[in-house]
Amino acid sequence: PQPLLMDCDTGVDDALALLYLALSPDVDLRAVTTVGGNTAARQAAVNTLQVLELVGRTDIPVAAGADRTLNGSLPHYATHVHGDNGIGNVQLPAPTAPVADTDAVDLIIETARQADGALSLLATAPLTNLALALRREPRLPELVRHLTVMGGAVHHPGNITPLAEANIGNDPEAAALVLAADWDLTIVPLDVTMRENLTTATQRDLLAHGSPACVFAARALDVYFDFHEEVALPFRGSACHDPLAAAIAAGHVVPRLAPRLHVDVETGDGPARGALVADTRALYLSYPERADANARVVLETDGRFPGRLVERLRTSTPAA
Ligand code: BDR
Ligand code: CA
C-alpha cells in the first residue's frame, strides 16, 4: 500500500475523504495533521479521531497544527457550510485515542523521512502547515513522492470571494510559498470538485448500508447539502471537494484533462487576494507550454467519482 499523509481541516468533505482513504486497502494512511480552516485546528483533530474511530482506525496518529495563518490572522471558520462542530453538527462519541503530542509540522517532516521518498502528501485545507514545514525543512519536496492540493478556482468562480477558493484564499501567503517549492504537484480546483456531485441518492445509499461510518456520512451531509442548495447548486446535494482530491492522490481517479501549467497566488490586498492564477494560454491559444510550469491542474474528470465513494464507504463494517 502507498504511504499517505493527509493535512486537513475536518470538515464534512474532509471527513468523507478520511473515511475513503482509511477504507482503501491500497492506501497506508500513515498520519493526519490538522490546520485551522473550516474549524479550529484542535477541533479538526478531534473530529478526525472521531471519524477514524468509526472505521476502527485508532492506530493513525493525528496531530494539530497551525491555528493562525502565516500573517497571524485567524481563518474565517466555515460554520455556515460545515456546522458549528465542523462535521455537520453530528455528535459522535468522544474519541478514545488522544490528539498526538507532536506538532503537526514535525509529524509531516518525520513521516516524510520515515517513508524514504515514497510518501504521498494530500492537503485539503489552508496550506499553513505545509508552508511552516517547508520553512523548517526546505528539502521536504525532495523527501516526498508528490503533493496533491485541493484548492483554487481556474475558470470557476471562487467560494469565499469572487475569485478566491477557501483553501488558497484563507492563507494566500502560505499557498504562494507552497506552490513555489519544487514538488511534483497536482492541484484539484473547484472546476472539477464542483462537478462531482453528491445527491440525496448518495445519502439514501449510505443509510441503506447502515454501518456507523455510512450513517455518520449521510447525516453530516444534511448541513452540507443545506448550504449548497442555498447558494451553490441548482439541486439538493453538494460538491465533492476533498474526497475527489484524495482519490486523485491515491491514483484511483485518473483525470481526463490535467495540463501542466504555471500557477501562482495573488497575495496583494486587492479584490483578487487569494486567487489562484493559472497560466492557461498554452491550453487555449498558441502559446508554447511554459518551461517553468509547476503543477498539473486537474480541469476535467468524468463526474462518476461519487458512486465510487459510496461503494468504498459501503465496505465499512455494519454495527454489531
Ligand atoms: C475546500 O474548503 C473547505 O471548506 C472544504 O473542506 C474544501 O477543502 C473547498 O473550497
Ligand atoms: Ca477541507
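Every read-out reported here was derived from the displayed coordinates using simple, explicitly stated rules and does not represent laboratory data. This is a predicted model, so every value here is computed, not measured. Backbone-built Cβ (ideal geometry, glycine too); neighbour counts: all protein chains shown.
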| Around Glu300, which amide H atoms from residues at least 5 apart in sequence, or from another chain, sit under 5 Å from its own amide H, with H modelled in the peptide plane? | Arg256, Leu257
| message | Once you keep just the Cα pairs under 8 angstrom separated by 6 or more residues, what percentage relative contact order results for the chain? | response | 20 percent
| Stretch gain in nm, segment Asn89-Ala118, where the contour uses 0.36 nm per residue and the Cα spacing is subtracted | 6.8 nm
| note | Under the rule rounded for a/c under 1.5, else prolate if a/b exceeds b/c, else oblate, using alpha carbon gyration tensor axes a ≥ b ≥ c, segment 149-195 is classed as oblate
| Residues with beta-carbon under 10 Å from that of Gly86, excluding Gly86: net charge, scoring Lys, Arg +1 and Asp, Glu -1? | -3
| note | Any residue on another chain or 5+ positions along whose placed amide H is under 5 Å from the amide H of Asp7 is listed here as Thr33, Leu122, Ala123, Thr124
| field | Summed residue charge, Cβ within 9 Å of Glu300's Cβ, Lys/Arg positive, Asp/Glu negative | value | 0
| remark: Residue span Ala208 to Ala282: 0.36 nm per residue of separation minus Cα-Cα distance leaves a gain in nm of 21.9 nm
| remark: Dividing the surface of the Cα convex hull of segment 233-320 by four yields a projected area in nm² of 9.6 nm²
| said: Could you work out how much longer the chain between Arg236 and Arg135 gets when fully extended? Use 0.36 nm per residue separation minus the Cα distance between them, nm to one decimal. | reply: 32.1 nm
| said: Residue by residue through segment 16-25, what is 3J(HN,Hα) from phi via Karplus (6.51 cos²θ - 1.76 cosθ + 1.60, θ = phi - 60°)? Round to whole Hz and write x for glycine and proline. | reply: 5, 5, 4, 4, 4, 5, 5, 9, 8, x
| Normalized C-alpha radius of gyration of the chain, against 2.2 N^0.38 Å? | 0.91
